[in-house]
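J.: The following block contains the structure, expressed as structure tokens.
All of the numbers you see were taken from the coordinates with simple rules; none came from a lab. Quick caveat, the model's predicted, so the values are computed rather than measured. Using ideal geometry, Cβ is built from the backbone for each residue, glycine included, and neighbour counts are taken over all protein chains shown.
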């Protein structure tokens with residue numbers, strides 16, 4: 001029972017025959033510009049494209065723990081908005097409703113009135129009434145239902161559960177339930193099912209408004225799910241580290257009494273090469289923190305969803321990129337993994353030569369994927385080249401590494417390839 005907004009609006013005056021026409025794409029562009037002008041601090045991305053039915057769609061990301069906000073313009077006069085808010089919490093729900101109402105005022109959008117039905121509107125009623133009281137109730141009920149589902153599946157012997165985690169990465173980390181603010185154990189599950197108020201700490205934006213706690217929890221979400229724990233290789237990684245450092249500093253200057261992740265903060269500043277008085281304060285606080293597992297799912301292995309339904313397991317420290325030709329690449333300064341789906345005759349330039357195919361003397365047969373590979377290990381060049389298949393699906397995987405001692409890692413990476421659609 002996740003909490004979902006499903007709103008419909010129309011341009012004021014659009015029913016008049018002589019109202020000036022505007023196409024759906026320029027209209028969505030103005031919506032994007034409004035969010036950039038009024039909520040730049042929170043706006044992670046704004047992408048204009050098409051939805052499942054081909055309608056122009058603006059996709060916004062406003063919190064690292066929340067899914068996309070989709071604004072679909074079926075014409076230059078009608079827009080629909082859909083967003084799931086229960087991952088981030090009541091504060092996020094209230095913020096998004098307020099932002100959409102303000103957007104409507106600025107762009108002359110009239111929203112459909114009345115309290116929500118089972119399939120439309122705002123199930124909490126806040127968007128229509130302005131009464132925030134029921135929002136907390138709906139969020140806690142959603143959490144209790146999700147926890148109950150996890151408990152029932154655990155009784156059947158299942159494991160590997162995650163709550164409110166973005167699609168694309170599955171983290172291999174100990175815990176009964178992984179959340180954007182860290183893992184939770186079995187005792188937590190039982191306590192929250194009995195009284196969901198004990199699980200309020202799982203929501204990174206509980207109270208309305210943007211304060212020190214909101215900024216701290218936003219940074220903690222990034223530390224747990226997004227940060228790659230090494231010096232940045234890509235500008236995107238550097239921007240992410242800067243964002244975490246900025247959020248932590250803003251929160252600390254506003255309220256220094258909160259429980260800050262001092263050790264991880266020190267690591268981030270070290271990766272950025274930041275010194276000065278603040279860095280010295282963080283270093284001193286970090287030295288006083290008792291031992292224990294550090295924050296960060298990407299310190300371990302990560303199962304990554306690849307193009308065309310494939311999956312692979314890699315170290316979480318590798319930087320990932322999707323290239324325009326359909327290739328996916330993950331790398332650091334000494335290792336790289338390249339994956340190319342070969343469906344529909346594409347990516348012919350990546351196909352191994354005849355001699356390379358003859359050298360493929362290694363074979364692997366998994367439950368859903370089989371393949372052959374060649375492994376070359378030599379000074380300055382170590383590479384595994386594999387052709388893999390799952391039913392009618394084929395793919396090429398190339399693993400390169402500097403250290404010959406890592407050939408077992410390269411073999412394990414190739415053999416971890418799976419295809420979800422074949423399950």
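J.: For the chain, what does the relative contact order come out to in percent, with C-alpha contacts under 8 Å and a separation of six or more? Don't skip to the end; give the middle numbers.
T.: Details: 729 pairs, mean separation 43.6, N = 423.
Relative contact order comes out at 10 percent.
J.: Counting pairs of alpha carbon atoms under 8 Å apart in space and at least six apart in sequence, what relative contact order in percent does the stretch 4-129 give?
T.: Values: 209 pairs, mean separation 40.4, N = 126.
The value is 32 percent.
J.: Given a 10 angstrom Cα cut-off, can you work out which residue in 150, 377, 329 is the most mobile in a GNM of the chain?
T.: Sorting by GNM fluctuation, first place goes to 377.
J.: Same structure again: Please determine, in degrees from 0 to 90 and to the nearest 10, the orientation of helix 277-287 with respect to the longest principal axis defined by the Cα atoms of the chain, where the helix direction is its Cα long axis.
T.: 70
J.: Which whole-number percent is the relative contact order of the stretch 137-282 (Cα, under 8 Å, 6+ apart)? Don't jump to the answer; show the numbers that get you there.
T.: Details: 135 pairs, mean separation 25.2, N = 146.
That works out to 17 percent.
J.: Okay, next question. Using Cα atoms only, what is the angle between the long axis of helix 24-38 and the major principal axis of the chain, expressed in degrees (0 to 90) to the nearest 10?
T.: Roughly 80 degrees, rounded to the nearest 10.
J.: Can I ask one more? Comparing 163, 241, 362, which has the greatest mean-square fluctuation in the GNM of the chain with Cα pairs linked when under 10 Å apart?
T.: Of the options given, 362 has the highest mean-square fluctuation.
J.: Can you give the Kirkwood hydrodynamic radius for the stretch 4-129, in Å, rounded to one decimal and based on Cα pairs?
T.: 14.8
J.: Taking N as the number of residues in the chain, what is its alpha-carbon radius of gyration divided by 2.2 N^0.38 Å? Numbers along the way, then the final one.
T.: On the way: Rg = 24.2 Å, N = 423, 2.2 N^0.38 = 21.9 Å.
Taking N as the residue count of the chain, the ratio is 1.11.
J.: Here's another thing I want to ask about it. Can you compute the helix-only [θ] at 222 nm over the chain? Use -39500 (n - 2.57) per DSSP H run of at least 4 residues, normalise by all residues, nearest 500 deg cm²/dmol.
T.: Result for the chain: -10500 deg cm²/dmol, rounded to the nearest 500.
J.: Label residue 283 and residue 29 with points 7 Å out from Cα along Cα→Cβ: what is the distance between them in nm?
T.: In this crude label model, residue 283 to residue 29 measures out at 5.0 nm.
J.: Ranked highest first by average number of other Cβ atoms within 10 Å, how do 184-195, 282-293 line up? Walk me through the intermediate numbers first.
T.: Values: 184-195: 15.8, 282-293: 12.0.
Sorting 184-195, 282-293 by mean packing, highest first, produces 184-195, 282-293.
J.: May I ask for the angle, rounded to the nearest 10°, between helix 212-225 and the longest principal axis of the chain, with both axes built from Cα atoms and the value confined to 0 to 90°?
T.: 30
J.: Same structure again: From the Cα gyration tensor of the stretch 93-243, with a ≥ b ≥ c the square roots of its eigenvalues, which class applies: rounded if a/c is under 1.5, or else prolate if a/b is larger than b/c, or else oblate? If you can, show how the numbers build up before the last one.
T.: Numbers: a/c = 2.16, a/b = 1.20, b/c = 1.80.
Because a/c hits 1.5 or more and a/b fails to exceed b/c, the stretch 93-243 counts as oblate.
J.: Quickly rank 137-144, 100-107 as a protection proxy: mean count of other C-beta atoms within 10 Å, highest first. List each step's numbers first, then the result.
T.: Details: 137-144: 19.8, 100-107: 15.9.
Descending mean neighbour count gives 137-144, 100-107.
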